[in-house]
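> Sharing a structure with you now.
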Amino acid sequence: MWGGRFAEGPAAVMREINASIPFDKRLWRQDIAGSKAHVAMLGVQGIVGHADSVTIAQGLDRVAAEYEANGVTDDLTLEDIHMATESRLAELIGPAAGRLHTARSRNDQVATDFRLWVRDSIDAVDVGLRALQQALVARAAEHAESVMPGFTHLQAAQPVTLGHHLMAYYEMVRRDRSRFADARARMNECPLGAAALAGTGFPIDRQATAKALGFDRPTANSLDSVSDRDFALDYLMSAAQASLHLSRLAEEIVLWASQPFGFVSLPDQWSTGSSIMPQKRNPDAAELVRGHSGRIVGCLTSLMITMKGLPLAYSKDMQDDKPPVFEAHDLLALSIAAMSGMIETLTFRTDRMRAAAEAGFSTATDLADRLVRVAGVPFREAHHITGAVVKLAEVKGCALSDLSLAELQAIDPRIDEGVQAALSVDASVAARASEGGTAPERVRQTIARAKENLGS
């Protein structure tokens, strides 16, 4: 394609390092779509004759059908998906294929194709994240009243409900979807027509190609159009944040599935065994989701480092923009699907959860709060009194609710006779009815709103 300037072909190693067809062939659908929009515009503008524009469009459809049926061949001599498509088009329709590249460059072509691919990827990821939200909401609805320990520092802190805990992850995923939506809205401008870097002297209609490809508008600056990869970084940053949330949930599943916790039982389809220990049921799916997050963050870092020192406009370094995005997409999609499957099929051991919530003096704060509400004790003083009660329970080896009223009033006479009922885990979660709290009535309200937002 550029042989007129060069007397000799590239060295074998140069051909290999220069070619991107092994990975950018994933863009073939977007490349065909962009080329069809471009040639249609060329025909309308009279830059290419009507007959040639129709022939080229029909030829592109034939190429697309071949790709769909047989895949794209890795021909390193053609470098990339753009030249592979143009070469095959020429074989099918002859010299008219050479008119397709009028008024465009591979620079604006790949920028357009890549934006289209990232946009499609965001749409696919959103479908997966929505399915994960639906799974979380469905299981939360089952367990709006199931008591479990809430943790800080991985120490039992206060009782919460399992439904409340699961809905915390619903909120994380809601923010993930909003980040992807923001990225999609920001990137939805069309670079096609920027040409190599300076625009073109042909009377093209960039508004028409942008509209045909579903963009909101053309990009505003030709230099920025071909050098910008912010949209890929936005995608990767959103993917990295989503993967961190998935990893946190995966880590909890790993902990909960361990014998010391025993909060969940993993189904066979999301577990593996051991080659030597027949009793093992390993939470490998959750562990792999946790591991994938590190790779996705690595993809983000990779592209950030690639882009950090590049001058305007296009540099060949930018050929390496696609592998980290493709890898992150594949890993994230797999992680979302695995997590959705695990959440849908986990067996929650609510008896173990309740027992853990009842241990560890997790209702101590309720005693302090009751002293404040009923006896008007300043909270810091109530905190001190409650600490003394906890110490007594530790010495006796019993729960707070097992201490007698006489024992409690010996520590402070302002402790009233209704305190034992207030110190149960059910009373504790029911009392936390502030907006966003763990009380079952509040959890059901948040679940109802979530179902409404999800349209289910």
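The values are calculated or read from the model by the stated rules, or taken from the named source; none is laboratory data. Treat the numbers as computed from the prediction; the structure is a model and nothing was measured. When we count neighbours, we look across all protein chains shown, and the Cβ atoms used for this are built from the backbone with ideal geometry, even at glycine. Heavy atoms of the whole protein, side chains included, go into the accessibility calculation; ligands, DNA and RNA do not. Shrake-Rupley method; radii C 1.70, N 1.55, O 1.52, S 1.80 Å.
> Rounded to the nearest 0.05, what FRET efficiency is calculated for Glu344 and Arg217 with R0 set to 30 Å and r the Cβ-Cβ distance?
0.15
> What longest range of the chain stays clear of loop-exposed trypsin sites (Lys or Arg not before Pro) (DSSP non-H/G/I/E/B, at most 16 other C-beta within 10 angstrom)?
Result, exposed sites excluded: 6-279.
> What does the accessible area per residue of the chain come to in Å², with a 1.4 Å probe and no ligands, DNA or RNA counted?
Dividing the accessible area of the chain by its residue count gives 47 Å².
> Same structure again: For an R0 of 25 angstrom, estimate the FRET efficiency from the Cβ-Cβ distance between Ala138 and Gln259 and round to the nearest 0.05.
Values: r = 27 Å, r/R0 = 1.10.
Result of the calculation: an efficiency of 0.35.
> Could you work out [θ]222 nm for the chain from helices alone, using -39500 (n - 2.57) per DSSP H run of at least four and dividing by all its residues? Round to the nearest 500 deg cm²/dmol.
Helix-only estimate at 222 nm: -20500 deg cm²/dmol.
> Could you give the length gained by full extension between Gln409 and Arg449, i.e. 0.36 nm per residue of separation minus their alpha carbon distance, to one decimal place?
Values: separation 40, 0.36 × 40 = 14.40 nm, distance 4.40 nm.
Net length gain for the segment: 10.0 nm.
> Roughly how many percent of the accessible protein surface of the chain is carbon and sulfur, given a 1.4 Å probe and a whole-percent answer?
53 percent
> Rounded to whole Å, give me the distance from the Cα center of the stretch 198-228 to that of the stretch 321-385.
So the separation of the two Cα centres works out to 49 Å.
> So, one more: By how many degrees, 0 to 90 and rounded to 10, does the Cα axis of helix 364-375 deviate from the longest principal axis of the chain?
60 degrees
> Show the residues, 5+ positions off or on another chain, whose built amide H is closer than 5 Å to the amide H of Ser146.
Close amide H contacts, sequence-distant or interchain: Leu162, Gly163.
> Also, I was wondering about something else. What list of ³J(HN,Hα) values in whole Hz, one per residue of the stretch 345-361 in order, does the Karplus curve 6.51 cos²θ - 1.76 cosθ + 1.60 (θ = phi - 60°) give from phi, with Gly and Pro shown as x?
Each residue's phi maps through the Karplus curve to give 10, 4, 9, 8, 8, 5, 5, 5, 5, 5, 4, 5, 5, 6, 8, x, 6 Hz.
> Given the protein chains as shown and a 1.4 Å probe, how many square angstrom of Trp270 are accessible, to the nearest 10?
Ignoring ligands and nucleic acids, Trp270 comes out at about 60 Å².
> Return a whole-number percent for the relative contact order of the chain, with Cα pairs under 8 Å and 6 or more residues apart as the contact set.
16 percent
> Shifting gears a bit: Each label point is 7 Å from the Cα along the Cα-to-Cβ direction; what then is the distance between the points at Ser87 and Ser275, in nm?
4.3 nm
> Sticking with this structure for a sec: For the chain, compute the number of Lys pairs whose alpha carbons are separated by less than 23 Å, excluding pairs fewer than 8 positions apart on the same chain.
Number of lysine pairs found: 7.
> Would you work out which of Pro440, Phe23, Ala156 lies farthest towards the positive end of the dipole of the chain, given +1 charges on the beta-carbon of Lys and Arg and -1 on that of Asp and Glu, about the Cα centre?
Highest projection toward the positive end goes to Pro440.
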